[in-house]
Amino acid sequence: MIDSTLLAPDFSYPTLNGEIFTLSEHRGKVIVLNIWGTWCGPCINEIPGFIDLQNEFKDKGVEFVGISIDSKG
């Protein structure tokens, strides 16, 4: 049994393709959550590295999720 006090709070967020990402649907995976802004140069520069890491670790139960905090993202 999973101790619910150890779980991250559940949330849902629309994706770029119109689907909804819900954290609890990915239970059992390691989620790397990157909150960024399209106006943030360093944030944009780190995206290729996150894509490379996602490709490297996707078969090991790791998923990288980016959430843009601005209206244009």
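Overview of results
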| read-out | value |
| --- | --- |
| Where Rh is the Kirkwood radius over Cα pairs, Rg/Rh for the chain | 0.99 |
| Helix 41-57 vs. the chain, principal-axis angle (Cα, 0 to 90°, nearest 10) | 40 degrees |
| Bridge type composition, the chain - antiparallel percent by DSSP, nearest 5 | 30 percent |
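Read-outs: derived from the displayed coordinates by stated rules, not from any lab. Here the structure is a predicted model, which means the values were calculated and not measured.
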